Amino acid sequence: MDSQPLKQLYHCTYRLQYHLVIVTKCRRKCITRPMLSRLEEIARATAKRWEGEVLEFSGEPDHVHLLLELTPRTAPSGFVNNLKTVTSRLIRKEYGEHIRSYYGHKHVFWSRSYCIISVGGAPLSVLKQYIEQQAAPE
């Protein structure tokens with residue numbers, strides 16, 4: 001495994017990292033540079049409230065990428081749904097006129113779908129080999 005330190009809670013040791021991609025509704029290219037900066041601020045604050053951390057953040061006009069670290073207490077789907085709700089509400093409020101030029105008066109910003117992939121640690125082949133080589137009880 002790589003040299004990133006493990007984190008601890010009372011009952012467990014962990015390192016749970018995810019690559020999250022969320023896209024705008026209908027892949028509309030509506031995210032501007034100031035909006036991207038604001039989305040990063042909101043994402044970092046939201047992750048902190050969920051006892052997590054945004055390790056990296058970037059995006060393009062129609063989607064954003066986040067590298068996240070969450071605790072075992074956090075269901076990734078719950079976090080993602082909350083993140084999308086909070087960012088959508090605040091971005092529509094703060095950049096309303098701009099968003100209306102893409103979506104009219106619909107209360108949308110993100111697509112319902114998203115992609116989340118677990119990352120970090122050793123490659124799967126190394127983990128499989130390690131598990132296979134464990135001594136079985138007699």
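The values are calculated or read from the model by the stated rules, or taken from the named source; none is laboratory data. Keep in mind that what you see is a predicted model, and the values were worked out from it rather than measured. Here the Cβ is made from the backbone with ideal geometry for all residues, glycine too, and neighbour counts use every protein chain on show. The area values use the complete protein model at the heavy-atom level, side chains included, leaving out ligands, DNA and RNA. Shrake-Rupley method; radii C 1.70, N 1.55, O 1.52, S 1.80 Å.
Between 0 and 90 degrees, the angle of helix 33-49 with respect to the longest Cα principal axis of the chain falls at about 50 degrees.
Could you give the accessible area per residue of the range 18-61, probe 1.4 Å, as a whole number in Å²?
Per-residue accessible area for the range 18-61 comes out at 57 Å².
Solvent-accessible surface of the range 66-138, taken per residue with a 1.4 Å probe and all protein chains present: 68 Å². Angle of helix 76-94 to the longest C-alpha principal axis of the chain, folded into 0 to 90 degrees and rounded to 10: 20°. Per atom type, the chain shows carbon and sulfur on 53% of its accessible surface, probed at 1.4 Å.
Name the aspartates and glutamates eligible as straight-distance cross-link partners of Lys128: C-alpha to C-alpha under 17 Å, and not fewer than 8 places from it in the same chain. Straight-distance partners of Lys128: Asp2. Each residue was assigned an accessible area with a 1.4 Å probe, and for Arg28 the value is about 90 Å². Between their Cα atoms, which of Lys48/Lys106; Lys29/Lys106; Lys48/Lys84; Lys7/Lys48 are more than 24 Å away from each other? With Cα atoms farther than 24 Å apart: Lys48/Lys106.
Gly78 sits among other residues whose Cβ lies under 14 Å from its own Cβ, and their net charge, with Lys and Arg +1 and Asp and Glu -1, is +2. Choose one answer from Thr24, Thr13, Thr71: the residue with the largest mean-square fluctuation in a GNM of the chain with alpha-carbon springs under 10 Å. Looking only at Thr24, Thr13, Thr71, the biggest GNM fluctuation is shown by Thr13.
Distance from the Cα centroid of the range 3-29 to that of the range 35-82 is 8 Å (rounded to whole angstrom). Its residue count N fixes a reference of 2.2 N^0.38 Å for the chain, and the Cα radius of gyration divided by that reference is 1.28.
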